[in-house]
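The values are calculated or read from the model by the stated rules, or taken from the named source; none is laboratory data. Note that the structure is predicted; figures quoted are calculated from it, not measured. FYI the Cβ positions are ideal-geometry reconstructions off the backbone, even for glycines, and counts take in every protein chain you see. The protein model used for the area step is the full one, side chains on, heavy atoms only, and it has no ligands, DNA or RNA in it. Shrake-Rupley method; radii C 1.70, N 1.55, O 1.52, S 1.80 Å.
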Amino acid sequence: MIPRITLHCETPDWQRLMAEAITDPAELLAILDLNRALLPAARRAAELFPLRVPQPYLARIQKGRPDDPLLRQVLPLEAECLETLGFIADPVGDLAASTDNGIIHKYHGRALIITTGACAVHCRYCFRRHFPYASASSRSQWPAQIQWLNRHTQINEVILSGGDPLSLSDARLADMASDLAAIPHLRCLRLHTRLPVVLPQRVDEPLLAWLSALPMPRKIMVIHANHAQELDANVAESLARLSAIGVRLYNQAVLLKGVNDDVRVLSELSERLMDIGVQPYYLHLLDRVQGAAHFEVPESQAKVLLEELANQLPGYLMPRLVREVPGAGAKQTVL
Ligand SMILES: *Cc1c(COP(=O)(O)O)cnc(C)c1O
Ligand code: SF4
């Protein structure tokens with residue numbers, strides 16, 4: 001007999017790794033052998049949106065390289081403190097599209113729930129970096145959200161988002177998933193999460209157990225990686241375990257200046273994703289959130305990049321270049 005995996009009351013590994021994430025800019029610079037001259041700016045920017053990098057992600061950043069594409073995504077910079085015209089707190093109109101119980105309903109058939117404000121990593125360009133999570137993601141709203149979903153029979157897919165839904169405990173997620181599975185018109189559960197990329201230890205037995213037991217015809221996970229360097233062997237192994245239980249994997253990336261605004265980098269990202277079982281899905285133009293202007297790649301340049309990419313890759317490796325327009329009924333295809 002195969003021994004049952006006993007669930008100890010100990011904190012799972014991933015929760016310990018989340019709790020031990022680096023949050024002090026001085027520590028980040030010291031670990032990565034970076035110039036301490038970067039510190040005052042990092043401190044100021046981290047006051048607006050705290051620094052957060054878990055060790056397994058940190059391990060993939062090259063030391064002594066201020067331009068490392070992974071470091072660029074997590075290191076707070078002076079530029080974040082600049083006010084830029086046209087860059088606002090809620091660039092995608094999430095708040096206007098929210099019901100009173102915190103469900104964001106923008107698109108036909110799909111409802112998105114902000115389950116938590118917590119993330120394993122803080123991405124400096126995050127479009128929800130100013131999101132009022134405290135008021136929008138209260139656990140006490142769950143019963144009202146379930147009632148809303150029961151009443152809205154045209155919704156067939158629920159997206160758990162955040163923050164990062166996989167920063168919730170498996171006990172909580174399993175409860176939520178079973179409440180959703182009991183709604184007859186829901187056919188699909190989708191998770192929007194960066195955790196399998198930044199902290200692949202998250203994909204453990206308890207997560208696989210409730211996900212594989214979930215009686216929904218379609219289980220989808222949309223991960224978020226912007227550069228092939230993020231996708232190491234541990235990530236590949238975690239994603240393989242998800243694929244093995246029938247979870248369909250897609251990736252959304254954000255086109256970011258200094259990170260992946262390069263045909264070779266985008267091509268390597270698509271190739272690596274497909275090699276580890278993930279379908280490239282969206283490549284987002286930056287949402288114009290306050291503090292992220294220095295990451296923006298202009299639309300004209302993005303189009304040129306994507307045309308060059310299309311000349312190099314088979315069609316199935318091409319992400320769709322999209323922009324989110326507040327009030328629109330779908331993500332808008334740019335090319
Ligand atoms: C992006 C998004 C979705 C998902 O859109 P797809 O095109 O189905 O991937 C759903 N709801 C909201 C509010 C979104 O922002
Ligand atoms: S993981 Fe997603 S929600 Fe969290 S900071 Fe990064 S982009 Fe934002």
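Over all projection directions, the Cα-based convex hull of region 171-270 averages an area of 6.9 nm². Compared with the alpha-carbon gap, the fully stretched path from Ala26 to Leu95 is longer by 21.4 nm at 0.36 nm per residue.
Distance from the alpha carbon centroid of region 263-306 to that of region 122-155 works out to 26 angstrom.
For region 15-81, the normalised intensity computed at q = 0.13 Å⁻¹ comes to -0.31 (log10 of I(q)/I(0), Debye sum over alpha carbons, equal scatterers, no solvent). Sorting the Cα pairs of the chain by distance into bins of 20 Å, from 0 upward, gives 30, 61, 9, 0 percent per bin.
For a modelled paramagnetic label at Glu83, 7 Å from Cα along Cα-to-Cβ, the residues of region 288-304 in reach, with backbone nitrogen under 14 Å, are 290-291. Straight-line cross-link reach from Lys257 at under 23 Å between alpha-carbon atoms covers these lysines, not counting any fewer than eight positions away in the same chain: Lys63, Lys303, Lys331. Average 1/r across all pairs of distinct alpha carbons in region 5-137, invert it, and you get the Kirkwood radius: 17.0 Å. Only helices enter this figure: runs of n ≥ 4 DSSP H residues, each worth -39500 (n - 2.57), summed and divided by the residues of the chain, yield -9000 deg cm²/dmol at 222 nm to the nearest 500. Geometric descriptor of region 83-199, per residue, is 110 Å³ (volume of the convex hull of the Cα atoms). Per residue, region 15-81 exposes an accessible area of 47 Å² to a 1.4 Å probe, with every protein chain left in place.
Ranked from largest to smallest solvent-accessible area, with a 1.4 Å probe on the protein heavy atoms, Ser238, Ser135 come out as Ser135, Ser238. Would you mind classifying region 231-335 by shape? Square roots of the alpha carbon gyration tensor eigenvalues, ordered a ≥ b ≥ c; an a/c under 1.5 is rounded, otherwise it is prolate if a/b is larger than b/c and oblate if not. Taking the square roots of the gyration eigenvalues as a ≥ b ≥ c, region 231-335 is prolate. Rounded to the nearest 5, what is the percent of antiparallel bridges among the DSSP beta bridges in the chain? Here the antiparallel bridges make up roughly 20 percent for the chain.
Heavy atoms only, probe 1.4 Å: what % of the accessible area of the chain goes to carbon and sulfur, would you let me know?
Percent of accessible area from carbon and sulfur atoms in the chain: 53.
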